[in-house]
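Peer 1: Below: one structure in structure tokens.
The values are calculated or read from the model by the stated rules, or taken from the named source; none is laboratory data. These numbers were taken from a predicted model, which means no experiment stands behind them. As a convention, Cβ positions derive from the backbone with ideal geometry for all residues, glycine included, and neighbour counts pool all protein chains shown. With ligands, DNA and RNA removed, areas are computed over all heavy atoms of the protein, side chains included. Shrake-Rupley method; radii C 1.70, N 1.55, O 1.52, S 1.80 Å.
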Amino acid sequence: MKYLGSKHKLSPFLLFAISSTQKGELKEKVFCDLFAGTGSVGNLFKDKVKQVISNDKEFYAYVLNRNLIQNSKEIPNADEIIATLNALKDKEGFIYKHYSVSANRGYFSDENAKKIDAIREELATMKSSIDEDTYFFLLASLIESCDKIANTASMYGAFLKNLKASAKERFVLQKASFKKSEGLHVAFNEDANELIKKIKGDILYLDPPYNKREYGLYYHLLNTIAL
Ligand SMILES: C[S@@+](CC[C@H](N)C(=O)[O-])C[C@H]1O[C@@H](n2cnc3c(N)ncnc32)[C@H](O)[C@@H]1O
């Protein structure tokens, strides 16, 4: 997804620059990404190191990383569950009532807002009967799919006056991806200043915000959906 400060485009450079400073086998290293955002940098190293420790203090970012980094084994029946969620009847729930065109906060078309509500409510119901890996895989799938049809100029500080072309497209829940891996990778949802006192690693990658503004201001709606 498009993300303020994403290092996705710098991936080849970061992989080369970080790997070439390391003495010894990369396979033996613990890689710590404490301001992980979308998780793009941790994911770069997920299949190259012993362990990735990923962290972000925003909950939506934790959800993305809990799937992308910590999930390592195939999710059983993923296609069937996604198909069932996509077939749910629309619901006029919280997102429709507060963040749709009809609510005068046109972050989502009415139709898409109702679909998001149906899926989010079903996930809340399913939570107690599915394992954590599956829950976060589905929640990350929802966040990423919502972001694709959000009526914004990429961040959520404001919505656009008129529905843009991608926001008019029908919402479809798409599977969030993650690499399968043998490593015991882990995601945290903490202040990096606190987490760093508790973890040990070999490579420390720090990519903090460029100013004092909280990411929660720009991505509040993703937190609203995730929390
Ligand atoms: C520049 S972005 C990181 C982008 C990331 N490298 C990527 O490629 O997507 C900074 C991130 O730091 C997070 N953040 C800000 N303050 C934090 C803190 N005190 N502890 C942990 N994460 C924090 C923000 O939520 C944001 O996701």
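Peer 1: What number goes with the only condition from (1) closer than 20 Å to residue 42 by Cβ; (2) in contact with a Ser or Thr (Cβ under 9 Å, 6 or more places away or on another chain); (3) of a type in the set (A, V, I, L, M, F, W, C); (4) open to solvent by 10 Å² or more (accessible area, probe 1.4 Å) that residue 158 does not pass?
Peer 2: (1)
Peer 1: Taking the criterion of being open to solvent by less than 30 Å² (accessible area, probe 1.4 Å), more than 10 Å from the ligand (Cβ to nearest atom) and within 12 Å of residue 181 (Cβ to Cβ), would at least one residue in the stretch 20-43 satisfy it?
Peer 2: Looking only at the stretch 20-43, we keep the residues that are open to solvent by less than 30 Å² (accessible area, probe 1.4 Å), and these are 30-34, 36-42.
From what's left, more than 10 Å from the ligand (Cβ to nearest atom): 30-32.
Filter once more, keeping what is within 12 Å of residue 181 (Cβ to Cβ): none.
Checked the stretch 20-43: no residue is open to solvent by less than 30 Å² (accessible area, probe 1.4 Å), more than 10 Å from the ligand (Cβ to nearest atom) and within 12 Å of residue 181 (Cβ to Cβ).
Peer 1: Of all residues in the stretch 69-80 being under 19 Å from the mean Cα position of the chain (by Cα) and not charged (D, E, K, R), which is farthest from residue 108 (Cα to Cα)?
Peer 2: Among those that are under 19 Å from the mean Cα position of the chain (by Cα) and not charged (D, E, K, R), it is 72.
Peer 1: Hey, among the residues in the stretch 79-107 that are among the aliphatic types (A, V, I, L, M) and surrounded by fewer than 15 Cβ atoms within 10 Å (Cβ to Cβ), which one's farthest from residue 170 (Cα to Cα)?
Peer 2: The selected residue is 83.
Peer 1: Do any helices (runs of 4 or more DSSP H) entirely within the stretch 109-214 hold 1 or more residues that are over 16 Å from residue 55 (Cα atoms), and if so, which? Outline the logic, then answer.
Peer 2: Working: elements: 110-126, 132-149, 165-168, 192-195.
Filter on the stretch 109-214 gives 110-126, 132-149, 165-168.
Peer 1: Further question: Take the residues in the stretch 2-15 that are open to solvent by 80 Å² or more (accessible area, probe 1.4 Å) and either in contact (Cβ under 8 Å) with a residue 60 or more places away in the chain or touching a helix residue (DSSP H, G or I) at 6+ places or on another chain (Cβ under 6 Å) (or both); name whichever of them is nearest to the ligand (Cβ to nearest atom).
Peer 2: The extreme case among them is 8.
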